[in-house]
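J.: One structure follows; several queries about it will come next.
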Amino acid sequence: MTITTAQILDGKALAHRLRKEIGTEVAELTQKHGRAPGLAVILVGDDPASHVYVRNKKIGCENVGFASFSYELPADTSQQHLLGLISELNRDPKVDGILVQLPVPAHINSETILEAIDPGKDVDGFHPYNIGRLTARKPALRSCTPYGCMKLLEETGLDLHGMESVIVGASNIVGRPMALELLLAGATVTVCHRFTKNLQAHIERADIVIAAAGKQGLIQGEWIKPGAVVIDVGIHRRADGTLTGDVAFESASKRAGWITPVPGGVGPMTITMLLANTVQAFKNHIGESDD
Ligand code: GUN
């Protein structure tokens, strides 16, 4: 086999470009409507990774000119208290988007919480209404990570119609909405998960691989079909402190046509799409939507 070197799908650069465009649009909207889009971020408990994510979301908001409202609640916050806060934010006209950082502590039912958010303010795109809209081919607010992966796929310039796509991982927040996004784009979709019998055989015939299993190095480079597009949603910290994904990057990049790095691939795109969704929600609220 001839050894090729994959083109890097640079999520950091794409995110930078999109955030610049969002910032320009936010400045215009704020001038025109007398208020900036507002995003409320709720964090319950002390999960260190969640604190980092929430801080990055807050910085992202401020950099594009949003009003950001932050609620850091103790780990023993009751479900009822959290539902009360969501209900207040649902009614608050300054708040266009509401995000509850997951995971929530075990005594709180995450489904009950996600379903309590007004679907028009569900900028994570997790509410069953928004998942249903995507299922029915009429996306409203789209789940941020799959939406970011679609933007990265767009960068390849490939026509996705009829492409064999294989998603590894069937979670509610990545794998499942990703399958719906790819189906909407005309790809043939396979979703692999913990009960899948021969993962390697699925990967070997994939034109597009979306790795979202949450298992470091699960996907071996030798499995990748030459020229395939590889999008790695996984993020893991090695013992030496560096970050890596679900795909063995070194070997995969010798076979793939395009590949996302970790870090600097999908990660920066997730927050970017959260910002895009918040602008969309703002425009819907003030009646300036393109839909
Ligand atoms: N936890 C891990 N990823 C996400 C995400 O995209 N949104 C929220 N709210 N929580 C998460």
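The values are calculated or read from the model by the stated rules, or taken from the named source; none is laboratory data. Since this is a predicted model, take the numbers as computed values, not measurements. Cβ: placed from backbone, ideal geometry, glycine included. Neighbour counts: every protein chain shown.
J.: Find the residue count for the range 101-114, including only residues that are closer than 22 Å to residue 58 by Cβ and either of a type in the set (S, T, N, Q) or away from the ligand (no atom under 14 Å from the Cβ) (or both).
T.: Result for the range 101-114: 2.
J.: Failed condition for residue 227, given (1) crowded, with 19+ Cβ neighbours inside 10 Å; (2) more than 16 Å from the ligand (Cβ to nearest atom), with all others met?
T.: So the condition that residue 227 fails would be (1).
Yes or no, residue by residue, for (1) within 28 Å of residue 122 (Cα to Cα); (2) part of a loop (DSSP other than H, G, I, E, B):
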{"position": "154", "(1), (2)": "yes, no"}
{"position": "158", "(1), (2)": "no, yes"}
{"position": "170", "(1), (2)": "yes, yes"}
{"position": "197", "(1), (2)": "no, yes"}
{"position": "216", "(1), (2)": "no, yes"}
{"position": "241", "(1), (2)": "no, yes"}
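Condition check ((1) in a loop (DSSP other than H, G, I, E, B); (2) modelled with pLDDT under 95; (3) under 23 Å from the mean Cα position of the chain (by Cα); (4) surrounded by fewer than 18 Cβ atoms within 10 Å (Cβ to Cβ)) across all residues:
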| position | (1), (2), (3), (4) |
| --- | --- |
| 201 | no, no, no, yes |
| 222 | no, no, no, yes |
| 234 | yes, no, yes, no |
| 273 | no, no, yes, no |
| 277 | no, no, yes, no |
| 290 | yes, yes, yes, yes |
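J.: Could you say which residue among 98, 117, 42, 86 is closer than 23 Å to residue 175 by Cβ, surrounded by 13 or more Cβ atoms within 10 Å (Cβ to Cβ), within 16 Å of the ligand (Cβ to nearest atom) and at pLDDT 95 or above?
T.: 117
J.: Out of 35, 17, report the one residue that is closer than 17 Å to residue 267 by Cβ, without any contact (Cβ under 8 Å) to a residue 60 or more places away in the chain and not acidic (Asp, Glu).
T.: 17
J.: To continue, here is another question. Within the range 87-110, which residues are farther than 19 Å from residue 67 by Cα, without any contact (Cβ under 8 Å) to a residue 40 or more places away in the chain and not polar (S, T, N, Q)?
T.: 106, 107
J.: What is the number of the single condition among (1) within 16 Å of the ligand (Cβ to nearest atom); (2) surrounded by fewer than 18 Cβ atoms within 10 Å (Cβ to Cβ) that residue 35 does not meet?
T.: (1)
J.: Which members of the range 245-270 meet the condition of being of a type in the set (Val, Ile, Thr) and either surrounded by fewer than 22 Cβ atoms within 10 Å (Cβ to Cβ) or not in a helix (DSSP H, G or I) (or both)?
T.: 247, 259, 260, 262
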